[in-house]
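In what follows, a structure is listed as structure tokens, so that the remarks can point back to it.
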Amino acid sequence: MRKRFEYKTVIIEPKGFWGTKYEPADIDKTLNQYGSEGWELVTAESRDYGGSFYGIIYTFKREL
């Protein structure tokens, strides 16, 4: 029998007036929440367009 997976994509955007502030504790909280639900982080990629930064895309997977 082949392994089957499901995937989840989460975008964490910067906060603050200019959208440039990240709180590592908030990111850890989110990552730990998904980890406790059985999700494994597969990739993390920045979201930037034309030199402007819009957050980080996290992709998780877990076995069905």
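Numerical summary
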item	result
Per residue accessible area of segment 3-61, 1.4 Å probe, in Å²	76 Å²
Within-14-Å neighbourhood charge of Lys21 [Cβ basis; K, R +1; D, E -1]	-2
For the chain, size of Cβ-based charge dipole, Lys and Arg +1, Asp and Glu -1, in debye	260 debye
Cβ-based net charge around Tyr58, under 14 Å, with every Lys or Arg adding one and every Asp or Glu removing one	-1
Sorted largest first, extent of segment 3-61 alpha carbons per principal axis (Å)	42, 26, 10
³J(HN,Hα) computed for each position of segment 30-37 - Karplus, 6.51 cos²θ - 1.76 cosθ + 1.60, integer Hz, glycine/proline x	5, 5, 5, 4, 5, x, 5, 8
Accessible area of the chain belonging to carbon and sulfur atoms, whole % at 1.4 Å probe	50 percent
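The values are calculated or read from the model by the stated rules, or taken from the named source; none is laboratory data. Please read these numbers as outputs of a predicted model, since none were measured by experiment. All Cβ positions, even for glycine, are placed from backbone atoms using ideal geometry, and neighbour counts span all protein chains on display. Calculation scope for accessible area: heavy atoms of the full protein, side chains included, ligands and nucleic acids excluded. Shrake-Rupley method; radii C 1.70, N 1.55, O 1.52, S 1.80 Å.
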